[in-house]
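The values are calculated or read from the model by the stated rules, or taken from the named source; none is laboratory data. None of these values were measured; they are calculated from a predicted model. All Cβ positions, even for glycine, are placed from backbone atoms using ideal geometry, and neighbour counts span all protein chains on display. Each accessible area value is taken on the protein alone, full model and side chains, heavy atoms only, with ligands, DNA and RNA left out. Shrake-Rupley method; radii C 1.70, N 1.55, O 1.52, S 1.80 Å.
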Amino acid sequence: MKILLFILLLLTSSIAWSQTQEELQTITRQLENIYITDQQPRIQLDSVVEKFGYKSDEVKKHWDLIRTHDSLNTLAVSAILDKYGWLSAEQTSTDANLTLFLVIQHAELAVQLKYKPMMYEAVKQGKAKGSHYALLLDRTNMHQDKLQVYGSQANMAGDSKTYLFPIADEPNVNKRRQEIGLPPLEEYAKLFDISYTLPSVDTLKGKLVIAGFVIDRNQQILPGVNIYINEQLAGTSNEDGYYRFTTPLTNKFDTIVYKKEGYQVSVLPVERDGKEVIYVINMLNKTE
């Protein structure tokens with residue numbers, strides 16, 4: 001009787017293992033197809049911009065296509081993660097495993113925050129890359145108005161130059177990047193045509209960072225816009241329409257005022273609670 005039970009147990013285990021392998025193969029194929037729909041439109045975007053221009057209807061339509069794919073991919077990947085957890089490259093394939101990260105990285109903030117703890121555990125188990133988790137952490141921090149940790153996120157407006165989103169404890173950012181296998185920030189910044197120099201002093205500690213771009217109705221950058229807090233000049237947009245300055249966290253204010261000759265004054269209400277960064281792309285209208 002014991003021998004019969006043992007044989008039945010082996011057969012049952014074998015069948016379950018076979019079903020699991022079959023499921024994993026199906027999931028792998030699904031994720032590899034999703035990888036194509038995630039990456040292909042993004043790869044094609046540069047040629048569309050080059051052919052029709054950054055502000056063209058063709059580019060807007062292409063972004064609509066990307067967002068549609070992202071929404072559908074998010075639904076599919078969320079279903080996989082909810083049922084199977086974060087699957088490793090050994091369980092699936094390199095591209096399939098990468099797809100889990102890419103789709104969550106391109107999803108809405110609520111989805112990113114839902115799966116960020118799962119990915120953190122996957123990194124500890126060797127099922128996900130620490131460098132990928134760093135990118136997700138930086139992106140969720142940025143979208144929550146927090147300083148980024150690894151310096152992976154950058155912003156631009158229209159045809160302006162690109163600027164790194166503010167970084168916490170910036171003098172030590174390369175140490176953190178090295179720990180998870182990322183290159184020095186000086187090297188990484190070149191991907192965005194940014195000339196970067198590592199600061200020796202943390203100028204953001206205990207400060208609220210206010211940064212962003214100023215543009216006009218046609219999305220043209222506006223240099224020379226004066227920006228006021230509590231009726232005091234705090235900063236001015238540069239030749240790229242970009243501005244960045246700091247104020248003590250204890251400084252109380254509820255509006256930011258933008259002024260430029262020939263343009264209507266813009267008074268922007270702000271919410272400060274829990275924010276480390278106030279990032280705004282603000283538009284000014286010409287005076288009549």
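Within region 67-96, residues that are farther than 16 Å from Lys116 by Cα have Cβ atoms under 9 Å from residues that are aromatic (Phe, Trp, Tyr) and open to solvent by 20 Å² or more (accessible area, probe 1.4 Å) in these pairs: Gln91/Tyr84; Asp95/Tyr35; Ala96/Tyr35, counting only partners at least 6 apart in sequence or on another chain.
Can you name the residue in region 149-196 that is within 27 Å of Ile221 (Cα to Cα) and of a type in the set (S, T, N, Q) and, of all such residues, is surrounded by the fewest Cβ atoms within 10 Å (Cβ to Cβ)? Step by step, filter region 149-196, then rank; the result is Ser195.
When the residues of region 88-107 are filtered to those that are closer than 17 Å to Lys124 by Cα and over 22 Å from the mean Cα position of the chain (by Cα), the one that is most open to solvent (accessible area, probe 1.4 Å) is Glu90. Can you say whether Asn33 is open to solvent by 50 Å² or more (accessible area, probe 1.4 Å) and either within 22 Å of the chain's Cα centre (by Cα) or modelled with pLDDT of 90 or more (or both), as far as the supplied structure shows? Spelling it out, Asn33 is indeed open to solvent by 50 Å² or more (accessible area, probe 1.4 Å) and either within 22 Å of the chain's Cα centre (by Cα) or modelled with pLDDT of 90 or more (or both). The set of residues in region 36-82 that are under 16 Å from Ala107 (Cα atoms) and touching a Phe, Trp or Tyr at 6+ places or on another chain (Cβ under 7 Å) contains only Leu81. Here Asp169 clears all of (1) in contact (Cβ under 8 Å) with a residue 12 or more places away in the chain; (2) closer than 27 Å to Val49 by Cβ; (3) among the charged types (D, E, K, R) except the condition numbered (2).
For beta carbons closer than 9 Å, sequence separation of 6+ or different chains, a first residue in region 19-36 that is farther than 11 Å from Val77 by Cα and a second that is open to solvent by 70 Å² or more (accessible area, probe 1.4 Å) and in a helix (DSSP H, G or I), the qualifying pairs are Glu23/Tyr84; Leu24/Tyr84. Looking only at residues in region 153-197 that are among the aromatic types (Phe, Trp, Tyr) and part of a loop (DSSP other than H, G, I, E, B), the one that is farthest from the chain's Cα centre (by Cα) is Tyr196. Scanning region 235-276 for residues that are closer than 22 Å to Ile221 by Cα, touching a residue at least 40 places away in the same chain (Cβ under 8 Å) and either open to solvent by 70 Å² or more (accessible area, probe 1.4 Å) or within 26 Å of the chain's Cα centre (by Cα) (or both) gives Asp240, Gly241, Tyr242, Arg244, Thr246, Ile256.
Restricting to region 200-228, name every residue that is open to solvent by less than 20 Å² (accessible area, probe 1.4 Å) and either assigned to a loop (DSSP other than H, G, I, E, B) or out of contact with any strand residue (DSSP E or B) (no Cβ under 7 Å at 6 or more places or on another chain) (or both). Within region 200-228, Leu204, Leu222, Val225 qualify. For region 146-168, does any single residue satisfy the condition of being among the acidic types (Asp, Glu) and at pLDDT 95 or above? Checking region 146-168: not a single residue is among the acidic types (Asp, Glu) and at pLDDT 95 or above.
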